[in-house]
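I have placed the structure first, in the form of structure tokens, so that the comments after it can refer back to it.
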Amino acid sequence: MSAFDTNQATFLAESLGLPSIFSFDDLVKELRLSPKLVYWLSKEDAPGRYHTFFIDKKNGKKRQIDEPVYSLKIVQRWILKNILYKIRVSKYSYGFAKTDTKVKSPLVQVANEHKNNLYLLNLDLKDFYPSINRDRVYNFYRNIGYNKSVSNLLTNLCICNNSLPQGAVTSAYLANLICRKLDNRISGYCNKKNIVFTRYADDLAFSSNDRELLRHAYSVFKVIIIDEGFTLNSDKTRFNGPIAHKKVLGVTINDGLIKAPKSMKRLVRQRIHKQIATGNYDDINVIRGYIAYINSIEPGYKNKIKKYVTHLIKSDLSYFSDLVEAYNKNKIYSDFPEMKSLNVSDNHNSLNIIEDMIRIQKIHDEFINRVTQNV
């Protein structure tokens, strides 16, 4: 690189507010770690930098997750905060940005963009992270002003097996930045045709009130996607019209209204039922996660669950003191009501306390069998 090019690159990095890093030593100083550790973490083929495991996918296949070791995770967080977050993704890219509690869920934002259009086209990029190889990451760092040596170091800190690893702290936002050209090319076409376009990682959504226009546009999108180095997952291509319930990122759009899946809300109620009926609260954090997610899509859902729980704790289950104690110790949220213990003998209309106790126990056993089978 000539002196002129070097000065130009330096000016670009400074204009973006990026750290001034020209060498390995500069990077070590910025990270405030030992040179030996940084050298190991930035060595692409160094063993032990990642822990690899697999999780099940809906289609029965396995998804590979490469989780960085703690020290590498710390370095990636530094890169994310001090370099990547300084650069904006395209306005068509949603999710994985720096958290802002005032901004709605990105899933809701995407659904809002499409909710008023009649026709919806969903596309999925196959093997999204593996498609972003080392060269593309290296070129990104070069293009924001870093020299060859530093770009190599930063690239090595962000890749695994020659591509972006699913599981690394930097992968999602870095992928969005690298997809900026893809977004710009697709949005350029969409803006001319009055088609709404959004991208959430590897999920692309397009909507319009013109059915034939959207169908014709599919071939254009496919050409651009392939030209940008990605492959379409044909199994996940969906085209929905006004009759079908449209879905974007799992969020249902129906008559301009945004709703969480009914199956998910049914599952939440079933799991809460099971918890209270059995006294087993092992998955309480999972339930809280579901409630928070649904509430982000449907504000006020948490209050509906509160009313549901309030009704449930007034059932015959309140005759079992162990269940009452377990519930009060493990309430989903602190502002949910206390469960009050009842005695069969408190029922003055009962002529036979033993018969009542047998009846309640039978109801309880049948209830546990039912919710155990449904969850």
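The values are calculated or read from the model by the stated rules, or taken from the named source; none is laboratory data. This one's a predicted model, so the numbers in the text were calculated from it and none came from an experiment. Glycine gets a Cβ as well: all are built from the backbone with ideal geometry, and neighbour counts include every protein chain shown. Heavy atoms of the whole protein, side chains included, go into the accessibility calculation; ligands, DNA and RNA do not. Shrake-Rupley method; radii C 1.70, N 1.55, O 1.52, S 1.80 Å.
Summary table
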read-out: Meets criteria (under 22 Å from Lys236 (Cβ atoms) and either touching a helix residue (DSSP H, G or I) at 6+ places or on another chain (Cβ under 7 Å) or touching a residue at least 40 places away in the same chain (Cβ under 8 Å) (or both)) for Asp210; value: no
read-out: Qualifying residue in segment 162-179 (condition: touching a Ser or Thr at 6+ places or on another chain (Cβ under 7 Å), within 30 Å of Asp45 (Cβ to Cβ) and open to solvent by 50 Å² or more (accessible area, probe 1.4 Å)); value: no
read-out: Looking only at segment 280-323, and only at residues there that are of a type in the set (A, V, I, L, M) and at pLDDT below 90, the one that is nearest to Gln109 (Cα to Cα); value: Ile297
read-out: Failed item in (1) touching a residue at least 60 places away in the same chain (Cβ under 8 Å); (2) within 28 Å of the chain's Cα centre (by Cα); (3) open to solvent by 50 Å² or more (accessible area, probe 1.4 Å), with Thr278 passing the rest; value: (2)
read-out: Flag for Ile272 being modelled with pLDDT of 95 or more and assigned to a helix (DSSP H, G or I); value: no
read-out: Subset of segment 99-158 that is touching a Phe, Trp or Tyr at 6+ places or on another chain (Cβ under 6 Å) and open to solvent by less than 20 Å² (accessible area, probe 1.4 Å) - its residue that is nearest to Thr231 (Cα to Cα); value: Leu125
read-out: Some residue of segment 212-231 being assigned to a helix (DSSP H, G or I) and farther than 25 Å from Tyr200 by Cβ; value: yes
read-out: Residue that is surrounded by the most Cβ atoms within 10 Å (Cβ to Cβ) [pool: residues in segment 199-221 that are within 23 Å of Ala175 (Cβ to Cβ) and either out of contact with any Leu (no Cβ under 7 Å at 6 or more places or on another chain) or charged (D, E, K, R) (or both)]; value: Arg199
read-out: Total residues in segment 38-72, condition in contact (Cβ under 8 Å) with a residue 24 or more places away in the chain and either within 28 Å of the chain's Cα centre (by Cα) or open to solvent by 50 Å² or more (accessible area, probe 1.4 Å) (or both); value: 15
read-out: Lone unmet requirement of (1) touching a residue at least 12 places away in the same chain (Cβ under 8 Å); (2) closer than 12 Å to Ile276 by Cα; (3) open to solvent by less than 50 Å² (accessible area, probe 1.4 Å); (4) not hydroxyl-bearing (Ser, Thr, Tyr) for Lys331; value: (1)
read-out: Meets criteria (surrounded by 15 or more Cβ atoms within 10 Å (Cβ to Cβ) and either free of Cβ contacts under 8 Å to residues at least 60 places away in the same chain or of a type outside the set (Phe, Trp, Tyr) (or both)) for Tyr92; value: no
read-out: Some residue of segment 58-69 being part of a helix (DSSP H, G or I) and over 30 Å from Asp235 (Cα atoms); value: no
read-out: Tally, over segment 222-272, of residues that are polar (S, T, N, Q), open to solvent by 50 Å² or more (accessible area, probe 1.4 Å) and over 23 Å from Ile297 (Cβ atoms); value: 2
